Amino acid sequence: MTACGVWVKRLVMASPEEFSGMVETKLSRHVRDCPRCAAKARRILSANEALRVAISGPEVDAAGLIERAHHAGADETATGRKRWPTVPKLVWSAMAAASVTAAALIVVPLLRTPVLEPLSPHVRPQPLVDAIDYNLVVMPTRNPDITILWYYKETEQ
Amino acid sequence: MAVEGRDPAFPGLAALGELADRARDGGDEALERLVSAAARVVRRWALVRLAHAADADDVMQEVMIRVIRSIETWPAGESFAPWLYVVTRNAATDRLRRGGRQRDVGGFDALLDQVPAPGGDPSLVFAGRELAGLVGALLRELPPRQREVFDLVELQGMTAKEVAQLIGIRASSVRGSLLKARRNLRRRILATWPDVEEDLP
């Protein structure tokens, strides 16, 4: 490694302020005193400046962009309308009425259905099971197919 | 030679937020000022990420149209710059995923026309363009995160903390990426850009 090797290592990693002379550091003092390192520092700073200018880019036409954005919005609205073809009000009314009728045809029979359907004649009643040590209360209901059987122990009273 | 500090061509992040607030509150002039400032920032972010001038222009237009159309509903108190950054980054990522334009057209080289002549000397114009081409090619070889951090800190003059808030990573990660970017870029610059003074005994 040359005498400047250590300084070049620092030059490669340092913030530009540290070797540009903006602040007084050991590195900036060395760069001031060493023509080789000064040349390297100049190259690094020149490269930064060239990049800064190149990347900055030109001014932007703000008014043109705003106009384009408004046009894009208008085009999108127009495209959105095309996706949903316009339907005459009369057709909408007829479709709505038909929907209500269809719903009524489905819902009303459901509402009329009793909660407990009578037992089908094909279903045979299960035989009663003896419940030893239990008392029994038989409670008939209005539905002749339904009878409530309440088993209870003496101690529950 | 101009060195460091804030890049005067670019507003700070807080200034962008103030412009966004004014544009939201109404007024064509306020909106135009916001677009004028934000578009250059967005273009630069996209360019550094994509390393392609024409793609960066496309992304800038896409993002700015979105900004213009949503600024009226922009919630007060929200941080504008980080939102703008995320929108730009996502748009740039989409563009990369779609393949972008032909990579050999409109890359960093397209920027060279923008490098001005210092003092109007034609020989310096050539030197400036040649240099920008060389450094641009070297920059393109860095990973996107290193390019991004290098631009934000080294060229635009933001602090590591500001960059961390902007791009949503830790300040220590910003500093780490910056050191790697400096080392990679400067080593190559010093190796590939011969200097007459270097040959002095």
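A few points about this structure:
- Any chance B:Ala54 is at pLDDT below 90 and not assigned by TED's automatic domain parsing to the domain that holds B:Pro144: yes
- Hey, B:Arg182 in contact with a Phe, Trp or Tyr (Cβ under 8 Å, 6 or more places away or on another chain), modelled with pLDDT of 90 or more, more than 24 Å from B:Met60 (Cβ to Cβ) and in a helix (DSSP H, G or I) or not: yes
- For the stretch B:18-45, residues that are part of a helix (DSSP H, G or I) and at pLDDT below 85 total 1.
- Among the residues of the stretch B:136-154, those that are within 12 Å of chain A (Cβ to nearest Cβ) and assigned to a helix (DSSP H, G or I) comprise B:Gly136, B:Ala137, B:Leu138, B:Leu139, B:Arg140, B:Arg147, B:Glu148, B:Phe150, B:Asp151, B:Leu152, B:Val153, B:Glu154.
- Taking the stretch A:1-58 as the region of interest, the helices (runs of 4 or more DSSP H) fully inside it that hold 2 or more residues being out of contact with any helix residue (DSSP H, G or I) (no Cβ under 7 Å at 6 or more places or on another chain), more than 7 Å from every other protein chain (Cβ to nearest Cβ) and under 19 Å from B:Asn184 (Cα atoms) are A:5-13.
- Of the residues B:Gly168, B:Gly176, B:Gly133, B:Gly157, the single one that is modelled with pLDDT of 85 or more, touching an Asp or Glu at 6+ places or on another chain (Cβ under 7 Å) and either within 11 Å of chain A (Cβ to nearest Cβ) or within 28 Å of B:Arg89 (Cβ to Cβ) (or both) is B:Gly157.
- B:Val86 satisfies every condition listed in (1) at pLDDT 85 or above; (2) touching a helix residue (DSSP H, G or I) at 6+ places or on another chain (Cβ under 7 Å) except (2).
The values are calculated or read from the model by the stated rules, or taken from the named source; none is laboratory data. None of the values given here were measured: they were computed from a predicted structure. Quick reminder, even Gly has a Cβ in these numbers, built from the backbone with ideal geometry, and neighbours come from all protein chains shown.
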